[in-house]
Amino acid sequence: MIGTKRTIKPKILYFGTPVALVTSLNEDGTTNLAPISSFWALGWTMTLGLLDETQTADNLQRHAECVINLPSPGMWRQVEKLAPLTAKDPVPDLKADQFHTERDKFGVSGLSREPSELVKPDSVRECPIQMEARVLGCDRLGGEKLDKLGGGLSARIEILRVRAAEEFVSGERHIDPASWSPLIYNFRHYFRLGERELGKTFRAET
């Protein structure tokens, strides 16, 4: 039985969301690499939530392609190495106390590039799932609390191609949920899914 509830004001609202590494094209043609944990999918359309003063936000508005790379839980340390980095120089004032400029994010994180098949930004070789995409459009996001962070935007993207490591593929086209676990971001802590399945929806095909 649920007990008494208390009114609180959480600083963030990450109630257990997957982590992705987004690769996008910098103005000089190199690939930028950045972690995000604000995104959701409907069919093969995905929406990314991005803070305004980020290199990824600039890149997606200038060049309408990206790759959504999904890391495995064991990659959390490499993801965390990327967390305080930005490709922006100088670092925006709102981020200057916690972030620093780094153009070679692949080198710093120990991750490696591999060519994508349909888009210009490289993919992350170590990520078991890679989704190449084109940007359909970007919309401004507002609100008092978001404005204090410099504002934001939502990028609507269409997934063009999905590549998955063989060990996580079931049959011809399914990701096996019993073997695949995303890296989960839960109130600024990293987790993996529990090992025990609770059940499945009536629409499950595996």
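The values are calculated or read from the model by the stated rules, or taken from the named source; none is laboratory data. Bear in mind that the values here come from a model prediction, so they are computed numbers and not experimental data. Here the Cβ is made from the backbone with ideal geometry for all residues, glycine too, and neighbour counts use every protein chain on show.
I'd like to check something: does region 15-33 contain any residue that is assigned to a loop (DSSP other than H, G, I, E, B), among the charged types (D, E, K, R) and closer than 25 Å to His189 by Cβ?
no
Please go through region 27-71 and give me each residue that is in contact (Cβ under 8 Å) with a residue 40 or more places away in the chain, acidic (Asp, Glu) and over 21 Å from Glu126 (Cα atoms), ordered by number.
Asp52, Glu53
(1) closer than 27 Å to Phe15 by Cα; (2) exposed (fewer than 15 other Cβ atoms within 10 Å of the Cβ): which one isn't true of Gly107, the others all being true?
Of the numbered conditions (1) closer than 27 Å to Phe15 by Cα; (2) exposed (fewer than 15 other Cβ atoms within 10 Å of the Cβ), the odd one out for Gly107 is (1).
Please work out which residue is nearest to Arg77 (Cα to Cα), limiting yourself to region 1-21 and to residues that are small (Gly, Ala, Ser) and more than 12 Å from the chain's Cα centre (by Cα).
Gly16
If Val119 satisfies every condition in (1) among the β-branched types (Val, Ile, Thr); (2) under 30 Å from Gly143 (Cβ atoms); (3) surrounded by 16 or more Cβ atoms within 10 Å (Cβ to Cβ) but one, which is the exception?
Tallying (1) among the β-branched types (Val, Ile, Thr); (2) under 30 Å from Gly143 (Cβ atoms); (3) surrounded by 16 or more Cβ atoms within 10 Å (Cβ to Cβ), Val119 fails exactly one: (2).
Restricting to region 41-100, name every residue that is among the hydroxyl-bearing types (Ser, Thr, Tyr) and under 22 Å from Glu114 (Cβ atoms).
Thr56, Ser72 - these are the residues of region 41-100 that are among the hydroxyl-bearing types (Ser, Thr, Tyr) and under 22 Å from Glu114 (Cβ atoms).
So in region 167-188, with the set limited to residues that are within 30 Å of Leu60 (Cα to Cα) and over 16 Å from the mean Cα position of the chain (by Cα), which one is surrounded by the fewest Cβ atoms within 10 Å (Cβ to Cβ)?
If we take residues in region 167-188 being within 30 Å of Leu60 (Cα to Cα) and over 16 Å from the mean Cα position of the chain (by Cα), then Arg173 is surrounded by the fewest Cβ atoms within 10 Å (Cβ to Cβ).
Gln130 fails exactly one of the following numbered conditions: (1) outside any helix (DSSP H, G or I); (2) surrounded by fewer than 18 Cβ atoms within 10 Å (Cβ to Cβ). What is the number of that condition?
Of (1) outside any helix (DSSP H, G or I); (2) surrounded by fewer than 18 Cβ atoms within 10 Å (Cβ to Cβ), only one is false for Gln130: (2).
Examine region 134-151 for a residue that is over 20 Å from Leu42 (Cα atoms), at pLDDT 95 or above and out of contact with any Leu (no Cβ under 8 Å at 6 or more places or on another chain), and state whether such a residue exists.
no
Within region 98-132, can you find the residues that are without any contact (Cβ under 8 Å) to a residue 12 or more places away in the chain and farther than 10 Å from Thr31 by Cα?
Passing the criteria: Gly107, Glu114, Pro115.
Which of the residues that make up region 84-117 are assigned to a loop (DSSP other than H, G, I, E, B), of a type outside the set (D, E, K, R) and within 19 Å of the chain's Cα centre (by Cα)?
Pro84, Ala87, Phe99, Gly110, Leu111, Ser112, Pro115, Ser116
Based on this model, can you work out whether Ser24 counts as touching a residue at least 60 places away in the same chain (Cβ under 8 Å), under 15 Å from the mean Cα position of the chain (by Cα) and closer than 27 Å to Leu193 by Cα?
no
What residue, of Lys81, Lys88, is surrounded by 13 or more Cβ atoms within 10 Å (Cβ to Cβ), modelled with pLDDT of 95 or more and either touching a His at 6+ places or on another chain (Cβ under 6 Å) or not small (Gly, Ala, Ser) (or both)?
Lys81
Only one residue in Gly29, Gly74, Gly3 is surrounded by fewer than 18 Cβ atoms within 10 Å (Cβ to Cβ), of a type in the set (Gly, Ala, Ser) and on the phi > 0 side of the Ramachandran plot, so which one is that?
Being surrounded by fewer than 18 Cβ atoms within 10 Å (Cβ to Cβ), of a type in the set (Gly, Ala, Ser) and on the phi > 0 side of the Ramachandran plot holds for just one of Gly29, Gly74, Gly3, which is Gly29.
Restricting attention to region 47-71, and to residues there that are at pLDDT below 95 and in a loop (DSSP other than H, G, I, E, B), which single residue is surrounded by the fewest Cβ atoms within 10 Å (Cβ to Cβ)?
Asp52
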